[in-house]
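Asks: Let me begin by handing over the structure; questions about it come next.
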Amino acid sequence: MSRPERTGRVPSLRWRIVAAVALLLVATNVVVGAVTVVAFRGYLVDRLDAELSTAAMRTVGGRDGAEPPPGASGPPPGSSSSSSSSSSSSSSSSDDLPDPDNAFIGAPGQSAGTVIAVVRDGDVVLGGYTDGDGDQRRLTAAQQRTLAAVQAGGDPVTVELGTLGDYRVQAVGDDGDVFVTALPLGDLDAAIARLLLVIGVVTVLGLAVAAWALTVLVRRSLRPLERVAAVASGVTALDLERGDPDIPVRVSDADLRANREVEQVGGALNRLLGHVARALTVRRDAEAGMRTFVADASHELRTPIATVRAYAELSERSADLDAVHRNVERIGREAVRMGDLVDELLLLARLDASALASGAPASQVVREPVDLTSLVVDATMDARATAPDHRWTLQVVDDQPLLVAGDEVQLRRVVTNLLTNARTHTAPGTAVVVSLQSVAGSASASASASASASASDGAVVRFVVANDGPPIPAESLPTLFDRFTRGEASRSREHGTSGLGLAIVRAVVMAHGGSVRVASEPGRTAFTVDLPASGAS
């Protein structure tokens with residue numbers, strides 16, 4: 001089976017699905033990662049603020065209750081005038097430290113990088129921090145101004161201290177002094193950056209794995225759909241115009257069970273192919289029937305035309321006036337025969353055209369109350385006079401006239417054709433029983449009765465013509481009502497029939513919303529016609 005052709009300009013459904021799911025996965029990971037980072041950073045900031053609050057309370061008390069220095073230029077806390085006699089190297093080292101006694105800066109319990117500043121009257125009288133080695137470092141003027149601007153008693157805030165980076169700062173007032181404590185955000189930012197890196201790596205790896213797995217899954221899921229497309233492509237390669245109308249390709253049951261979508265598409269394709277195959281079969285049969293019809297019609301008309309031509313030539317060469325008159329009479333009989341044949345063909349053509357135009361054969365028939373009892377009685381009396389060598393029996397069960405809605409001329413033709421068929425195809429002495437009665441709507445006629453607006457309670461008028469002659473061959477029964485079909489396989493015109501009588505019966509009965517059927521067995525052959533009863537009385 002050939003695979004469907006691919007074009008580069010049409011994007012693949014497989015890659016559309018993979019790309020869409022991948023984008024959704026990326027968007028989901030981004031949202032989840034952002035929420036995680038924000039929540040985790042908030043959690044870390046809260047913990048840092050708790051530590052900052054503890055450190056701020058410790059700063060206010062100083063170590064052992066120490067007091068802040070009186071001014072920025074004053075001596076460090078804990079120093080005295082006697083200390084000036086110390087060696088010059090020791091004095092120089094103490095002057096470089098903002099808090100030599102570690103009363104505030106570098107006090108026990110403080111972590112490395114903690115910034116301490118004591119603000120008095122808007123000026124920083126003491127400020128510094130300890131580095132990673134435990135050494136004290138002074139603050140620059142810009143850093144001191146930033147810390148001095150922090151509002152005392154407020155919530156912790158984030159400030160930038162130049163080269164030191166971002167800090168969380170809290171200021172606490174006590175006796176006119178403001179003690180500012182700041183903890184670095186470097187570790188917190190490093191943790192957030194590490195978390196972002198982990199989320200990014202996991203997202204990329206997860207996206208790659210998900211895209212691979214999704215590609216495999218979508219490819220496997222779309223394989224039945226590709227086979228459905230291959231079936232459709234295979235049908236296009238069939239020669240449906242001149243080949244076999246049976247379409248052998250179908251979507252397999254295994255593919256139909258793959259998933260619901262493939263079942264819907266494949267099932268619809270199978271139904272479509274079935275409809276196409278049936279339509280092609282009907283077209284083939286119609287074409288074959290048309291060819292047979294044309295051949296039969298030509299065959300039926302050729303004989304009377306040849307007869308007319310032959311008698312015309314004889315009359316032209318004959319000098320006997322009586323012979324000429326006989327030839328003219330024979331030409332007239334053949335002309336009548338041809339006229340009857342043409343009339344029958346025209347009637348069938350009109351009935352077929354009405355059925356094709358309306359889709360409901362009964363809608364094109366003239367609807368008038370017709371006394372079927374009178375028609376059957378008159379036709380039976382005519383048949384008895386025409387064929388006295390047959391034993392005719394008429395059985396009318398109902399006392400009241402049986403009415404049907406339809407065309408009286410066409411219904412009379414139905415009765416006459418069935419009686420003529422019984423007379424023509426049976427031997428002299430055959431008993432022919434003609435019966436007429438009203439019965440309840442049967443299964444074969446209920447649908448027909450509902451099609452007639454004048455039907456009364458589903459009642460059906462049943463007309464039966466039965467004889468005790470030889471049975472009809474079983475192989476002829478299925479095509480008995482077809483056109484140009486005779487009881488014998490040969491085309492003998494021994495009885496002068498055209499083979500259109502029963503075809504007209506079926507066409508007229510169906511046009512009236514009824515049904516006709518035949519049952520034949522040794523000793524009895526019966527033609528049964530059911531017509532919807534009329535509601536008129």
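Asks: Pop the C-beta distance of GLU408 and ALA312 into the FRET formula with R0 = 41 Å and round what comes out to the nearest 0.05.
Replies: Efficiency, from the Cβ-Cβ distance: 0.60.
Asks: Between the range 157-226 and the range 22-58, what is the C-alpha centre distance in whole Å?
Replies: One Cα centre to the other: 8 Å.
Asks: Taking only protein heavy atoms into account and a 1.4 Å probe, give the accessible area per residue of the range 168-253 in Å².
Replies: 56
Asks: Which log10 I(q)/I(0) values does the range 157-246 give at q = 0.25 Å⁻¹ under the Debye formula, counting every alpha carbon as one identical point scatterer?
Replies: Debye output, listed in q order: -1.14.
Asks: Something else now. To the nearest 0.05, what FRET efficiency results for ALA27 and SER111 with a Förster distance of 25 Å applied to their C-beta separation?
Replies: Numbers: r = 40 Å, r/R0 = 1.60.
My answer for the efficiency is 0.05.
Asks: Still on this structure, I have one more. How much accessible area per residue does the range 268-335 have, in Å², with a 1.4 Å probe?
Replies: That works out to 68 Å² per residue.
Asks: State the percentage of accessible surface on the range 296-437 attributable to carbon and sulfur atoms; use a 1.4 Å probe and exclude ligands, DNA and RNA.
Replies: Percent of accessible area from carbon and sulfur atoms in the range 296-437: 54.
Asks: Further, regarding this structure: To the nearest 10 Å², what's TYR311's accessible area with a 1.4 Å probe?
Replies: Using a 1.4 Å probe on the heavy atoms, I get roughly 50 Å².
Asks: Pop a pseudo-label 7 angstrom from the Cα along the beta-carbon direction at both ALA319 and THR479 and give the gap in nm to one decimal.
Replies: Modelled inter-label distance: 5.3 nm.
The values are calculated or read from the model by the stated rules, or taken from the named source; none is laboratory data. The structure presented is a predicted model; accordingly, all values stated were derived computationally and were not measured. Glycine gets a Cβ as well: all are built from the backbone with ideal geometry, and neighbour counts include every protein chain shown. Side chains are part of the model used for accessible areas, which takes the heavy atoms of the whole protein and leaves out ligands, DNA and RNA. Shrake-Rupley method; radii C 1.70, N 1.55, O 1.52, S 1.80 Å.
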